[in-house]
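Notes for the one structure printed next.
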Amino acid sequence: MPVMDEFKEERAALKHGTPRQKWQYFLDYYKWFVIVGVLILIFAGSFIYQLATRKERAIYAALLNAYELEAAETYSEQYAEYAGIDTDEYEIYFDSSMFMDSSNLAAVDETTMATTQKLMVYIAASEIDVLIAGESTTNSYAYNETFCDLRNVLSEEQYEKYEPYFYYMDQSIADARKEADATSDEYVNVPDYPSPRNPETMENPIPVGIYLDEAAGLKENYYFTDETVILSIPANTEHLENAVKYIDFIFQ
């Protein structure tokens, strides 16, 4: 019997079938069409909802080797109020999920490796607006010319206020390291990092960070495992104004 004739006979028989028979027929022939259709609607609805409710980011601050304390529950709200940011429209993100062995950047444990990779990707993608990290981590990024020259982003008043806390890198050493091939004999002769607090010992000092020794408010909200931490602003930040406001917020 042709398939269409068989189908017509089944449909005709169903007209007089019981509700159970009709339901079984539906499951046999249409179940997967309905399931696929429902899944498509769910995914489409979820995607549209995410697009409609997604907030533009106002600032992303990465806090390395930091543990959020109980007081930090309202930290982003405090900053939003200080900076005049509407949290109904903009997202503020203080990320304290990244940890690495800053005493030995050559360490290859999984946590350090994951954090290193995440930082590299996020900084390259202009995702991070503020980086707070220990001195060894800051050295590594500063001498790869990752951070803003604070002379170009701070007002005259801000510069005078924060100058006692500046972290300096020596551009001449950064240039020497860039030119030296890591596999060549010249590389072993490249000077070590100079003391970041002593620009007078440098040939070409550039302030690219701020020591947070006096940032009591920050330390009331986050516990850092590094004894000394420095705030820096990546040169490719897309939210420079809010990053600078965050410096003022920390030192208020």
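The values are calculated or read from the model by the stated rules, or taken from the named source; none is laboratory data. For clarity, every value in this text was computed on a predicted model and none was experimentally measured. Don't worry about glycine lacking a Cβ; one is built from the backbone with ideal geometry, like all the others, and counts go over all protein chains shown.
A compact table of results
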| read-out | value |
| --- | --- |
| Residue 223 vs. criteria among the aromatic types (Phe, Trp, Tyr) and either within 18 Å of residue 148 (Cα to Cα) or in a loop (DSSP other than H, G, I, E, B) (or both) | no |
| When residues of the range 128-169 are limited to those that are assigned to a strand (DSSP E or B) and of a type in the set (Val, Ile, Thr), the one farthest from residue 57 (Cα to Cα) | 132 |
| Hits in the range 200-227 (condition: touching a residue at least 24 places away in the same chain (Cβ under 8 Å) and closer than 22 Å to residue 171 by Cβ) | 202, 203, 204, 205, 206, 207, 208, 209, 210, 211 |
| Residue check, residue 200 acidic (Asp, Glu), loosely packed, with under 12 Cβ neighbours inside 10 Å, more than 30 Å from residue 71 (Cβ to Cβ) and modelled with pLDDT of 90 or more | yes |
| Selection status of residue 172, of a type outside the set (D, E, K, R), more than 19 Å from the chain's Cα centre (by Cα) and in a helix (DSSP H, G or I) | yes |
| The range 118-161: number of residues that are over 25 Å from the mean Cα position of the chain (by Cα) and in contact (Cβ under 8 Å) with a residue 24 or more places away in the chain | 2 |
| Residue ID - modelled with the lowest pLDDT, chosen from residues in the range 55-105 that are assigned to a loop (DSSP other than H, G, I, E, B) and within 17 Å of the chain's Cα centre (by Cα) | 55 |
